[in-house]
Each structure stands twice: as C-alpha cells, then as structure tokens.
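Coordinate-derived values only; no laboratory data. Keep in mind the model is a prediction, meaning the values are calculated, not measured. Neighbour counts run over all protein chains shown; Cβ positions are idealised from the backbone, glycine included.
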Ligand SMILES: [Zn+2]
C-alpha cells in the first residue's frame, strides 16, 4: 500500500489556484458581475450564471466552521499523523475550504476558532493550503 | 385533465435476498442471481419475464451480463441511478416511471455487495474492500480538494457534517446511541440480521472513536449480500400472488453531495437535495409526514438519521435529536417506527436497498417488527447525496 500523499492534478479549471499557492498566495474565482467568491473552481457563477470571473487574492483569514478529528482508519500516507484535525474553514470572503489544522493539538479545536492560511510545499508543482490558529 | 405522474401506476410484486453475513465467499454476480431468483419465485414470474433493469451505476454486474443471466435477450429498458446510496429508494421511482410510460413490463431493481472485511477484496476500483483505499495518488476529480488534506472517506466527510449539526443544535452522543439501540432492537427480532446481540448506551459510548463525533457503533456494518425487487404495473400486480406494495409517489433531487463538502455548507439547508425531495414526494402523494406509518432512512450513520428526520419534515430543524430520545424510532411505540429490519447499522449494508425490501414487508404485513395496520411506508436514499425517496402504500 502506497505511503505517498495523494496529490491534486492541475487542470485547465484549477491550475490558477495551484499556481497561486506555489507563490504563497490564496486565490479563488470571483464573479466579475455579482462579486461572489466561489470554490471549487468552475466556469459559471452559481449565483448569477455569469461566465465572467477573475482569480482574486483573499485575506487567508477565516474561522473553523466544522471539523473532525480523524483517529483512523485512514490512508497509509496519513497514518503517522493520526490523530489529526480536518477543518472546514469559512473564509472572510464567504468561501468554504476543507483543510488541515496544523501546529495545534486537534483536541483544542472549537467552532468559530480564528485561523489563518499557511502553505505547505508537497512537490515542485503542488503546494497544499493549510491553516493554523490565529492568535 | 390530470397531470401525469407515477402515482399509483406501479407496484413492487416480488422481493428476494441472499443470506447476509460478514463474508459469504461469493462473487457479487452470484449473489445477485440468488436474490433475483428469490424475487422471481416470490412474485411467481420467470427471470425470462424481466424486460427492464434499473441498477445502481456502481453495481458490478452490467446490463449485458445481466441479460445473459436472465436467460436470453430479454432486457429492453435499462437505466441507472448515480451516487450510490442516494439511489436506494429512487430506483423504485425510476422503475415506476418506466412502467407508467409503457417502456417495460417487469422491471428488476437489485444491489449486490461483496464488501465484507474478510471478503475477496477485488482490485477494481468499485470491487471489494474500501473504495477510498484505491483512490490512487493522482487526483483529478473533486476529491483532490480534500483527500490530500487527510479527509479520505465518506465516514470522515459525514463526521464533518455531523459535527456541524452538533454545533448548531447541540445534538448529543446519547441521541446517537438512541438511534443505534432502537435499530439493534429491531435486528434482534430479525433472524436475517447480522448484528443480533443487545447493545446498551454504555456499549455505544465505549465503542472506538473513528472520526469525531462518530464512533464505531454510529457507523453502518460491512457485510456481503444481495437483495432484489420486481416492479410491474398495478393492474398486473393485482393478478400476482403477493399483495402489491403500491408505489404511491417518488421523487429525486440532484444537488448537495458529501464529497462536495464546501458546496454543501454554502447552500441554504432547504435547498439541499433531501428537503427538495420531501416537498415533491409529499405533494405527489397528497399526504404529509404525519400520515406515514413506518419510515426507512438511509442509516449509514446514526447522526444522518437525525438529520434526515429534519430534512424530510418528520421533525422541525434542530429537533431530530430530541425526536429520537426515549425509543423515538423503536417498534412498537416510537414516535415514528423506523428501519424495522435493523437497518444498515444492524441488519446488513446492501447500500440501503435492504431497507427498501423491508418497507415492502411492512406493507405486506410480514415484518418481524410489524407495525399494526401499516398502510403507508416512507423510504429514503442517502440524504447527503443527490437522492430520492418513495412512498409505498397498501392496495386496500
Ligand atoms: Zn455572479
């Protein structure tokens, strides 16, 4: 069983996200007509059906909306990290992003906990977007 | 002129199943055949009479194989429902659509799973074992957004959704236990059920935490087994040997899916698939949740039953937890008797279709936890998937 961390494959839709992350920037699609941020990447705004958008940099600040503490089973690639906290971050811009809480013990997590983005290089192409507690 | 719907156009006339066990050592195809043969015997028709097929798109045995297994080129109509457990009830709505439109005369619906832990683990992505262990290392689909973060499986995704319900409404471990215990009590009266030993609140709380807030006893069991149902027109059903389980109404809704967690949380809760199904279903059935005699929820996790009670209108938002307390779902005196087979938590995990079969038994009056005078059964697919639900009614 592989212990390699599963990695995203950039596509035409999502490449700008990973390009930005590699530079240490968090960017999401934003509708050019109604201004709504969205994630996951898609070619249409679900709110107003506009197909005009740009990739805009966001604050990287948000709060924990919900979470789970994974205690296993999990993929072999993550077994050495058990237990770990996966969080759904509600960013200030209104976007939800599934990520990992780093640095803090998972048991200290709570709803509404302020968090900020950190970047974790996986390889030359992919940098993962994670979050840590904002104090 | 009346609006054309599938209301009362078709009925379930045959049900069949294999033994359920941790491992049966048979292929999914072999188990499917056994369940289908049993359903045909039950209905009093030949496998050669089957001319329509509605299958889960994740089913291993494809239409071409099934055509041969049924004794020749009989299949004229074939469709499937995507999203796994989301289809466990809507397969009947789809079958009824085919009957009502005259596209088929006898429609087969089935599900076969050789996924028990000790079963032959196939190497195929959808074959045997845990699908999430076979995702590979290059992710091009939407799972690329959460799997690299360590959120790798459905139970972890459900844990996130369950946690949010606790944050908003204060749902408790005790309420989770109330669901698990009620269904275990049902399983203890059902000789076909895999889990028949008593479960106490302490047993539940002592079971291993898998992904907070879900413990082992909050999760469906993993089993081998297959079930099958046969659907025909109500007119023909009245000539067959079993009392028809009339498909009173059916509805489907695409949308919220647990794999798209972020989107799920971004939406208005009333715009999720399950509440949309509820509105369409009870409108077609011209009835309300209060009219339902017995209900079957897709019990992949205890917490999801609590959420489904709210989404389908059996309990107000946030009151699903209190609803299940004090035997709220238990036969015979619960507020709403649910999953009388023991469900997927205790009978078997046949992707929810075993619950659909039990709903037919309730309408026939043959359940081991039979609801007195049962005339209307509600059956729903997985409520955090693109999903569907049906109402089954007696013909009396
Ligand atoms: Zn827009």
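What the table shows:
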quantity	calculated
Alpha-carbon spread of the protein assembly as shown, three principal axes, descending order, Å	71, 50, 49
Distant alpha-carbon pairs in segment B:162-228 (separation over 13 angstrom), percent	67 percent
Chain lengthening between residue A:34 and residue A:82 when straightened (0.36 nm per residue, less Cα-Cα)	13.1 nm
Cα-Cα P(r), segment A:12-58, percent of pairs per 10 Å interval	31, 53, 15, 0
Shielding by other protein chains, A:36-44, mean Cβ within 10 Å	2
Fluctuation leader among A:21, A:77, A:12 - chain A, Gaussian network, Cα springs under 10 angstrom	A:12
Shape of segment A:59-135, Cα gyration tensor, a/c cut at 1.5	oblate
Mean separation of Cα contacts under 8 Å (6+ apart) over length of chain A, as relative contact order %	23 percent
Label-point separation in nm, residue B:203 to residue A:135, each point 7 Å along Cα→Cβ	4.6 nm
Gyration tensor (alpha-carbon) shape descriptor, chain B, a/c threshold 1.5	rounded
Kirkwood Rh in Å, taken over all unlike Cα pairs in chain A	15.9 Å
Residue among B:261, B:336, B:214 with the largest mean-square fluctuation in a Gaussian network model of chain B, springs linking Cα atoms under 10 Å	B:261
Diffusion coefficient, µm² s⁻¹, Stokes-Einstein with Kirkwood Rh over alpha-carbon pairs of segment B:210-251 at 10 °C and 1.306 mPa s	110 µm²/s
Computed over chain B: relative contact order in percent, which uses C-alpha pairs under 8 Å that are six or more apart	26 percent
Sequence-separation-based contact order of segment A:12-58, relative, with Cα cut under 8 Å and 6+ spacing, percent	39 percent
Computed [θ] at 222 nm, helices only, for chain A once each DSSP H run of length n ≥ 4 contributes -39500 (n - 2.57)	-1500 deg cm²/dmol
Beta bridge orientation in chain B: antiparallel %, DSSP, nearest 5	70 percent
Most mobile of B:229, B:108, B:216 in a GNM of chain B (Cα contacts under 10 Å)	B:216
10 Å Cβ neighbours from other chains, averaged over peptide A:71-81	5
Highest to lowest packing among A:105-112, A:61-68, scored as the average C-beta count within 10 Å	A:61-68, A:105-112
Inter-label distance for residue A:15 and residue B:270, nm, one decimal - labels placed 7 Å from Cα along Cα-to-Cβ	4.3 nm
Chain B: calculated mean residue ellipticity at 222 nm from DSSP helix runs of at least 4, using -39500 (n - 2.57)	-9000 deg cm²/dmol
Computed label-point distance, nm, for sites residue A:107 and residue B:19 using a 7 Å Cα→Cβ extension	4.5 nm
